[in-house]
Amino acid sequence: NAGVMQNPRHLVRRRGQEARLRCSPMKGHSHVYWYRQLPEEGLKFMVYLQKENIIDESGMPKERFSAEFPKEGPSILRIQQVVRGDSAAYFCASSPSGTFSGANVLTFGAGSRLTVL
Amino acid sequence: AQSVAQPEDQVNVAEGNPLTVKCTYSVSGNPYLFWYVQYPNRGLQFLLKYITGDNLVKGSYGFEAEFNKSQTSFHLKKPSALVSDSALYFCAVRDDSGYSTLTFGKGTMLLVSP
């Protein structure tokens with residue numbers, strides 16, 4: 001049973017390019033979360049999605065960032081026109097399908113490390 | 001708004017000694033509390049959680065945590081540290097009032113010396 005799969009593990013982009021990060025949740029999980037980790041800041045929540053729905057995007061920057069979780073395929077975090085400040089580790093997590101419970105444990109992927117030159 | 005404070009950026013302990021990593025929280029409802037560990041260049045791994053019941057929660061790798069409602073704390077402990085416990089530890093909280101995000105502290109680096 002594969003865990004949460006993220007790719008690419010490392011991504012280098014030049015300023016102004018687009019970055020696409022992909023996340024496949026664990027089997028049987030339909031809740032997906034994206035977090036960003038910056039040095040000295042810990043993990044910051046970005047967005048919570050279920051299949052075809054964005055449930056909470058309160059942590060997403062208003063511009064350049066978007067996320068989706070289509071009916072088929074992985075969840076994608078998209079960053080347009082990247083800037084140096086976007087350099088960070090982006091982690092995806094998933095939790096079990098069914099009615100949401102705050103007690104559910106999030107299972108994290110290994111992360112995607114974005115470097116913007 | 002919910003929040004987590006991990007007051008120590010780093011904790012140093014000698015192998016074989018007990019360790020404590022501190023965490024305090026703030027939520028509007030009843031808390032669900034979690035500890036995760038992160039090894040270099042890896043994702044976060046779940047250690048333990050408190051939902052309700054016994055205030056002392058036991059988790060993976062010999063770790064435990066004590067929930068203290070009056071002090072709003074959830075400190076992580078281990079009776080005897082191992083060098084392999086050296087890692088970054090995150091405390092996290094959610095409230096129980098319907099959907100809420102999982103909010104993390106900034107993390108505490110634990111360094112266990114031989």
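The values are calculated or read from the model by the stated rules, or taken from the named source; none is laboratory data. None of these values were measured; they are calculated from a predicted model. Glycine also receives a Cβ, built like all others from the backbone with ideal geometry; neighbour counts cover every protein chain displayed. Calculation scope for accessible area: heavy atoms of the full protein, side chains included, ligands and nucleic acids excluded. Shrake-Rupley method; radii C 1.70, N 1.55, O 1.52, S 1.80 Å.
Taking the condition of being assigned to a loop (DSSP other than H, G, I, E, B) and either open to solvent by less than 60 Å² (accessible area, probe 1.4 Å) or of a type in the set (D, E, K, R) (or both), how many residues in region B:71-114 meet it? First the steps, then the outcome.
Within region B:71-114, the first condition is being assigned to a loop (DSSP other than H, G, I, E, B), and the residues that meet it are B:71-72, B:79-82, B:86, B:96-102, B:105-107, B:114.
Within this subset, residues satisfying the condition of being either open to solvent by less than 60 Å² (accessible area, probe 1.4 Å) or of a type in the set (D, E, K, R) (or both) are B:72, B:80-81, B:86, B:96, B:98, B:100-102, B:105-107.
Total meeting the criteria: 12.
So B:ASP9 clears everything in (1) open to solvent by less than 70 Å² (accessible area, probe 1.4 Å); (2) in contact (Cβ under 8 Å) with a residue 12 or more places away in the chain; (3) within 28 Å of A:GLY59 (Cβ to Cβ) except one condition, right? Which one?
Among (1) open to solvent by less than 70 Å² (accessible area, probe 1.4 Å); (2) in contact (Cβ under 8 Å) with a residue 12 or more places away in the chain; (3) within 28 Å of A:GLY59 (Cβ to Cβ), B:ASP9 violates only (1).
Any chance you could count how many residues in region A:68-111 are open to solvent by less than 40 Å² (accessible area, probe 1.4 Å), within 14 Å of chain B (Cβ to nearest Cβ), under 14 Å from A:TYR33 (Cβ atoms) and assigned to a strand (DSSP E or B)?
7
Run down A:VAL47, A:VAL32 and say which single residue is touching a residue at least 60 places away in the same chain (Cβ under 8 Å), within 14 Å of another protein chain (Cβ to nearest Cβ) and part of a strand (DSSP E or B). First the steps, then the outcome.
On the way: A:VAL47 fails: touching a residue at least 60 places away in the same chain (Cβ under 8 Å).
Answer to the check: A:VAL32.
Across region B:33-68, what is the number of residues that are within 9 Å of chain A (Cβ to nearest Cβ) and closer than 30 Å to A:ASN7 by Cα?
Total satisfying the criteria: 10.
Can you pull out the residues in region A:54-67 that are outside any strand (DSSP E or B) and either within 15 Å of A:TYR35 (Cα to Cα) or within 14 Å of chain B (Cβ to nearest Cβ) (or both)? First the steps, then the outcome.
We begin by selecting, within region A:54-67, every residue outside any strand (DSSP E or B); these are A:57-64.
Within region A:54-67, A:GLU57, A:SER58, A:GLY59, A:MET60, A:PRO61 qualify.
Take B:GLY62 and decide whether it is small (Gly, Ala, Ser) and under 24 Å from A:HIS31 (Cβ atoms). Talk me through it step by step, then tell me what you get.
Numbers: small (Gly, Ala, Ser): yes; under 24 Å from A:HIS31 (Cβ atoms): no.
When the stated conditions are applied, B:GLY62 does not pass them.
Does B:ALA14 satisfy the condition of being within 14 Å of chain A (Cβ to nearest Cβ) and either touching a Ser or Thr at 6+ places or on another chain (Cβ under 7 Å) or open to solvent by 60 Å² or more (accessible area, probe 1.4 Å) (or both)? Step through it out loud before you land on a result.
Details: within 14 Å of chain A (Cβ to nearest Cβ): no; either touching a Ser or Thr at 6+ places or on another chain (Cβ under 7 Å) or open to solvent by 60 Å² or more (accessible area, probe 1.4 Å) (or both): yes.
Answer is no for this residue.
Scan region B:88-114 for residues that are in contact with a strand residue (DSSP E or B) (Cβ under 7 Å, 6 or more places away or on another chain) and either among the acidic types (Asp, Glu) or away from chain A (no Cβ under 14 Å) (or both) and jot them down.
If the condition is that a residue be in contact with a strand residue (DSSP E or B) (Cβ under 7 Å, 6 or more places away or on another chain) and either among the acidic types (Asp, Glu) or away from chain A (no Cβ under 14 Å) (or both), then B:ASP95, B:ASP96, B:LEU110, B:LEU111, B:VAL112, B:SER113 are the ones that fit.
Which residues, counting only those in region A:6-59, are open to solvent by less than 30 Å² (accessible area, probe 1.4 Å), modelled with pLDDT of 95 or more and over 14 Å from A:LEU106 (Cβ atoms)?
Correct list: A:LEU11, A:ALA19, A:LEU21.
If I go through region B:24-66 residue by residue, how many of them are surrounded by 15 or more Cβ atoms within 10 Å (Cβ to Cβ), touching a residue at least 24 places away in the same chain (Cβ under 8 Å) and over 14 Å from the mean Cα position of the chain (by Cα)?
Looking only at that region, the number is 1.
Of (1) closer than 16 Å to A:ASN104 by Cβ; (2) in contact (Cβ under 8 Å) with a residue 12 or more places away in the chain, B:TYR99 satisfies all except one. Which?
Unmet condition: (2).
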